[in-house]
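Asks: This is the structure I want to talk about, given as structure tokens.
No lab work stands behind these numbers, since they all come straight from the coordinates. All values reported here derive from a predicted model rather than from experimental measurement. Please note: Cβ atoms are built from the backbone with ideal geometry, for glycine as well, and neighbour counts cover all protein chains shown.
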Amino acid sequence: MAKVKVRYFGEPRELLNAKEEEYEVKDGATLADLILCYIPERHKEASRIWRETLFRIVGGQIATNKDGTPLLKNYLILIRGRSQDLNYAIKDGEEAILLPPSGGG
């Protein structure tokens, strides 16, 4: 098992009413596993809105790339200060930072 800390900002923070949380995930778990399974499992009451907030939805389903990876809605997930794709395998002790799209103008 690997432990990962997740820090939330913006709408995800408000939705889950949490600034940060720690999760124990199976060895080899990916960021997709974390945000599609582990987080919604802990926050069942917000799981539907969570998916609709973070992911692109087509026909009621989460849209995916050709390789089956879910498509985020302009959110960034940083690990060690670098943006990672959802296939990234989480390592013990890492911290994932979930950043919403930023506005500009």
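Asks: Looking at the stretch 40-90, which trypsin sites (Lys or Arg not before Pro) are DSSP coil and have at most 10 other C-beta atoms within 10 Å of their C-beta?
Replies: The qualifying sites are Lys66, Arg80.
Asks: Give me the percent of DSSP beta bridges within the chain that run antiparallel, rounded to the nearest 5.
Replies: If we restrict to bridges inside the chain, about 75 percent are antiparallel.
Asks: Considering amide H positions built from the backbone, and no H for Pro or chain starts, which residues 5 or more places from Ala96, or on another chain, come under 5 Å of its amide H?
Replies: Residues meeting the amide H criterion: Lys5, Val6, Arg7.
Asks: Under 5 Å between amide H atoms, partner at least 5 residues away or on a different chain: which partners does Glu20 have, H built in plane at 1.01 Å?
Replies: Tyr8
Asks: Show the residues, 5+ positions off or on another chain, whose built amide H is closer than 5 Å to the amide H of Ile57.
Replies: Ala63
Asks: Of all alpha-carbon pairs in the stretch 2-99, indicate the percentage at a distance above 17 angstrom.
Replies: Numbers: 2240 of 4753 pairs.
The calculated P(r) of the stretch 2-99 puts 47 percent of pairs beyond 17 Å.
Asks: Step through the table entries Lys19/Lys44; Lys66/Lys91; Lys5/Lys26, compare each Cα-Cα distance with 21 Å, and write down the pairs that go over it.
Replies: Lys66/Lys91
Asks: Per DSSP H run of n ≥ 4, the term is -39500 (n - 2.57); total these for the chain, divide by its residue number, and report the mean residue ellipticity at 222 nm rounded to 500 deg cm²/dmol.
Replies: -4000 deg cm²/dmol
Asks: Once you place label points 7 Å from the Cα toward the Cβ at Gln61 and Arg82, how far apart are they in nm?
Replies: Computed distance between label sites Gln61 and Arg82 equals 3.3 nm.
Asks: Would you give the gap between the C-alpha center of the stretch 1-20 and the C-alpha center of the stretch 26-92, rounded to a whole Å?
Replies: 13 Å
Asks: Normalised by the number of residues in the chain, what is the relative contact order in percent for Cα pairs under 8 Å and 6+ residues apart?
Replies: The normalised contact order for the chain reaches 38 percent.
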